[in-house]
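J.: Questions regarding the structure given below will be posed in turn.
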Amino acid sequence: MQTCGERLTGMRDRAPLVHNITNFVAMNVMANVLLAAGASPAMVHAREEVAEFAALSQALTVNIGTASTEWGLSMEEAARVMQKAGRPWVFDPVGVGATKFRQALSDRLLDLHPTVVRGNASEIMTLAGLEGRARGVDAGDSVADAEQAARQLAGRTGGIIAVSGPVDYVTDGKRALRVSNGHPLMGRITVMGCSLNGVIAAFCVDESALEATAAALAYYGAAGEIAGAAATGPGSFMPAFLDALHAMTAADLDAAASVEAAT
Amino acid sequence: MQTCGERLTGMRDRAPLVHNITNFVAMNVMANVLLAAGASPAMVHAREEVAEFAALSQALTVNIGTASTEWGLSMEEAARVMQKAGRPWVFDPVGVGATKFRQALSDRLLDLHPTVVRGNASEIMTLAGLEGRARGVDAGDSVADAEQAARQLAGRTGGIIAVSGPVDYVTDGKRALRVSNGHPLMGRITVMGCSLNGVIAAFCVDESALEATAAALAYYGAAGEIAGAAATGPGSFMPAFLDALHAMTAADLDAAASVEAAT
Amino acid sequence: MQTCGERLTGMRDRAPLVHNITNFVAMNVMANVLLAAGASPAMVHAREEVAEFAALSQALTVNIGTASTEWGLSMEEAARVMQKAGRPWVFDPVGVGATKFRQALSDRLLDLHPTVVRGNASEIMTLAGLEGRARGVDAGDSVADAEQAARQLAGRTGGIIAVSGPVDYVTDGKRALRVSNGHPLMGRITVMGCSLNGVIAAFCVDESALEATAAALAYYGAAGEIAGAAATGPGSFMPAFLDALHAMTAADLDAAASVEAAT
């Protein structure tokens, strides 16, 4: 069994090309997060080229934060490419509880068996058919509220479900892990969750998705702890966070990672 | 009569969900500005869901900086939802003097009675039917040049007009206030005006728009003064600005705010 | 023959309005880079207004990083306006080797005779009809590999070709210059190349494009050296970089610039 640090080293050695169809708000930060971590990001969404680009990529992320009907079709095309190729893809159902359009699009994407679904508690509950208490794109529910929903949803997708929160919950429907790395300032900065999707996808290349997802969460959260200790607010957090993602060694991560089996 | 600091506290207590249809350049910074201030931002523009999302929101901002015909329709739909619900919406006519498309779209949006129109002097003059001296998206006119135009325009919309500049001018067509907070570096960083729209919208929720707008301008400008004093250039300004928005207390704001009646 | 510093002063005196049709990832950073340098940026892409806006602008940049068929048409329209007006426009063929769509669009744009084509070695080789070793949007080839391709491509466009890398190569097909300013961290941050296009365009206004491009590269790279020395990673690099672009004087640039004729 590899440590989180060994997984970080493996990801950096592979330096995977990660194709992202994400929202307009996240694109720049997500690309910088992936570069700082050691992966190679690309943001490609046009239907004219999305399937061709997906075929070149080691992993894909799909995020519906600013989707449209047209972009939804691109998301489905790219996801199908990854599904057929047996390569990992990560789905983030941003604000799925807010509109019928998001629910219908998410439903179609779930049918394409995402390797990992990552969302906040309210989003995961909505996907599982439960009534969440989301407000816009923010969670109104606790991670504990969503654990059962996450296991159910894993039964549907056959993949991993990751519920983000102060302590993250990651499950394949049978086994589950808790990751308690992170910092409260991460909740006061936009697209922290969106950008995380890319890191999860990069860690999942050629690896078991449950452990790889937990390692990605630990790495991301540990970098957040370092940045949070150095920052004087949400503005100074972001530069410090990218620096921490970039500087973190495998040994640093193994010393900081807080991952344990959920009972 | 509430102080600016009391209005800041009230906004934070409400933590309003602010729906933004803004330009691609502004989306990330604007979301971070709203989060740092204490509001809950969402960027949603697709016609498939824009009216449904607006109905969930306490306030709306509309910005034509990178609009298209399709996005223009979304802007009108969302604005109509807010108008009917009696909730505040803020309109920013970015670069309206530059193209016929922007002028026609702005004209349709003005007919939907924005609670607040915020722009630079040239933009406000163009909306009032005067020939401004804009250059691209930058003002070529002084705030003083635009005061009469602002009062006229308020007569048309029935709302508040805010002219941004070294000293801002805010009017409902009869009464007017001047806000002299701010820092010159704010003019050397993109989307500072765009991001301000969200803060104005958040302050206007459940409040009188003239005073709420002035308080938002004072808060934003006061944070700019703190950041400007700490920064060594436009790059270090932005992290310091977000930190200052986040750290500012009601007492800090009351000590710094420079709002006075225009005679 | 002007020095790089004199060219920087000339650009700042002109403060050109630079119209950019660039990718979603780059828009915000590129606008801030142009403002920090002393130019006036605008991001305008909608077909409804793109030709009208181009006609107001002193220079144009076109970047296919997140293009679509529709945006491609806007790019061609705007480029035609600049071509007819004899004003500079810069083309960045991001990831051209990755998809057929990018190749076809790039081919049409090359026919409109860009003043400057700037890309990494793999992109320039692909445009010249050679098989590059690109991976996603990253170069897999060295600048030296691409020098012959750059000269060939200059023969086709009649303009300047700039190959970005640790040492940049700039040629009009006959003469060539090498610029060795820069810092390794610039490769670990997204849209550094995209944002550079705007600076090149601004320097080219009313100037000979070969020398103006080299001066822009030297200015950008010299600011990167200052930022790289101050930064502790890619996150702290970006604020320091914008500060350095803003603070650099003509004398600073003349002391730092490393431009020499290629033999």
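The values are calculated or read from the model by the stated rules, or taken from the named source; none is laboratory data. These figures come from a predicted structure and were not determined experimentally. Here Cβ is always computed from backbone atoms with ideal geometry, including for glycine, and neighbour counts include all displayed protein chains. Surface accessibility is based on the protein's heavy atoms, side chains included, excluding ligands, DNA and RNA. Shrake-Rupley method; radii C 1.70, N 1.55, O 1.52, S 1.80 Å.
J.: Using the Karplus curve 6.51 cos²θ - 1.76 cosθ + 1.60 with θ = phi - 60°, what ³J(HN,Hα) values do you get for each residue of region B:42-57, in whole Hz, with x for Gly and Pro?
T.: Values per residue, Gly and Pro as x: 9, 10, 9, 10, 5, 4, 4, 9, 5, 5, 5, 6, 4, 5, 8, 9 Hz.
J.: A further question on this structure: For region C:4-261, what does the relative contact order come out to in percent, with C-alpha contacts under 8 Å and a separation of six or more?
T.: Over region C:4-261, the number comes to 21 percent.
J.: In addition: Just to be sure I understand the interface: list residues from region B:30-54 that lose 30 Å² or more of accessible area between the chain on its own and the complete protein assembly, 1.4 Å probe.
T.: Residues losing area: B:32, B:35, B:40, B:43, B:45, B:48, B:49, B:52, B:53.
J.: A further question follows. Please enumerate, by chain and number, the lysines with C-alpha under 22 Å from the C-alpha of residue A:84, excluding those fewer than 8 residues away in the same chain.
T.: Counting by Cα, and skipping residues close in sequence, residue A:84 has these lysines nearby: C:100.
J.: Still on this model: Using Cα-Cα distances under 8 Å and only pairs 6 or more residues apart, what relative contact order does region B:93-191 have, in percent?
T.: Relative contact order of region B:93-191: 23 percent.
J.: I would also like to ask the following. If you roll a 1.4 angstrom probe over the protein chains with everything in place, what fraction of the accessible area of the protein assembly as shown belongs to carbon and sulfur, to the nearest %?
T.: Working: 13190 of 25480 Å².
Carbon plus sulfur share of accessible area: 52 percent.
J.: Also, I was wondering about something else. Using a Förster distance of 30 Å, how high is the FRET efficiency between residue B:156 and residue B:6, based on the Cβ-Cβ distance and rounded to 0.05?
T.: Between residue B:156 and residue B:6 the formula returns 0.45.
J.: Once phi is turned into ³J(HN,Hα) by the Karplus curve 6.51 cos²θ - 1.76 cosθ + 1.60 with θ = phi - 60°, what whole-Hz value does each residue of region B:70-82 show in order, with x for glycine and proline?
T.: Values per residue, Gly and Pro as x: 4, 5, x, 5, 4, 4, 5, 4, 5, 4, 4, 4, 5 Hz.
J.: Taking amide hydrogens as modeled 1.01 Å from N in the peptide plane, which residues meet the under 5 Å criterion relative to residue B:135, leaving out close sequence neighbours?
T.: The list, which skips near neighbours in sequence, is B:140.
J.: Near residue C:118, within a Cβ-to-Cβ distance under 14 Å, what is the net charge of the other residues, with Lys and Arg +1 and Asp and Glu -1?
T.: Net of charged neighbours comes to -4.
J.: Oh, and also: According to the Kirkwood expression over distinct Cα-Cα pairs, how big is the hydrodynamic radius of region C:34-111, in Å?
T.: Value: 12.9 Å, from the Cα pair sum.
J.: For chain C, what is the calculated [θ] at 222 nm in deg cm²/dmol (nearest 500), taking -39500 (n - 2.57) for each run of four or more DSSP H residues and dividing by its residue count?
T.: Value at 222 nm, helices only: -16000 deg cm²/dmol.
J.: Could you order B:48, A:211 so the one with the most accessible surface comes first? Probe is 1.4 Å. Please list the in-between numbers first.
T.: Numbers: B:48 70, A:211 20 Å².
The ranking, largest first, comes out as B:48, A:211.
J.: Just to be sure I understand the interface: list residues from region B:206-247 that lose 40 Å² or more of accessible area between the chain on its own and the complete protein assembly, 1.4 Å probe.
T.: At a threshold of 40 Å² (probe 1.4 Å), the residues of region B:206-247 that become less exposed are B:234, B:235, B:239, B:243, B:246.
J.: 7 Å along Cα→Cβ for the label point: how many nanometres lie between residue B:261 and each equivalent label in the other copies, listed shortest first?
T.: Taking the point 7 Å beyond Cα along Cα→Cβ, the inter-copy spacings are 7.4, 7.4 nm.
J.: Any idea what % of Cα-Cα pairs in region C:129-263 are farther than 20 Å?
T.: For region C:129-263, the fraction of Cα-Cα distances above 20 Å is 46 percent.
J.: Further question on the same structure: So the label point sits 7 Å from Cα along the Cα-to-Cβ vector; using that for residue B:133, what distances do you get to the other copies, in nanometres, sorted shortest first?
T.: 5.7, 5.7
J.: Could you report the buried accessible area between C and B, both sides summed, computed with a 1.4 Å probe and given in Å² to the nearest 100? Mind showing how you got there, number by number?
T.: Values: alone 10740 and 10720 Å², together 19200 Å².
When C and B are taken together, about 2300 Å² of accessible area is lost.
J.: Counting only residues 5 or more places away or on other chains, whose amide H sits under 5 Å from the amide H of residue B:233 once H atoms are built in the peptide plane?
T.: Sorted by chain and number, the residues that satisfy this come to none at all.
J.: Taking the solvent-accessible surface of protein heavy atoms with a 1.4 Å probe, what is the per residue accessible area of region C:4-261 in Å²?
T.: With the other protein chains kept in place, region C:4-261 gives 31 Å² per residue.
J.: Oh, and also: So what are the three principal axis dimensions of the protein assembly as shown from its Cα atoms, in whole Å, longest to shortest?
T.: 73, 71, 42
J.: Then there's this: If I ignore ligands, DNA and RNA and count only protein heavy atoms, how much of residue C:76 is accessible to a 1.4 Å probe, in Å² to the nearest 10?
T.: 20 Å²
J.: Let me ask another. Hey, any idea what the orientation-averaged projected area of the convex hull of region C:4-261's Cα atoms comes to, in nm²?
T.: Averaging across all directions leaves 11.6 nm² for the Cα convex hull.
J.: Then there's this: For the protein assembly as shown, build the charge dipole from Cβ charges (+1 Lys, Arg; -1 Asp, Glu) around the Cα centre, then report which of B:28, B:213, B:90 sits farthest towards its positive end.
T.: So the residue furthest toward the plus end is B:90.
J.: From Cα pairs below 8 angstrom and at least 6 apart in sequence, can you work out the relative contact order of region B:146-263, rounded to a whole percent?
T.: RCO, region B:146-263: 26 percent.
J.: Assign unit charges at the C-beta atoms only (+1 for Lys and Arg, -1 for Asp and Glu), then state the dipole size of chain A relative to its Cα centre in Debye, rounded to the nearest 20.
T.: 340 debye
J.: Given label points at 7 Å from Cα along Cα→Cβ, what nm distances, shortest first, separate residue C:208 from the same residue in every other copy?
T.: For residue C:208, the inter-copy label distances come out at 6.6, 6.6 nm.
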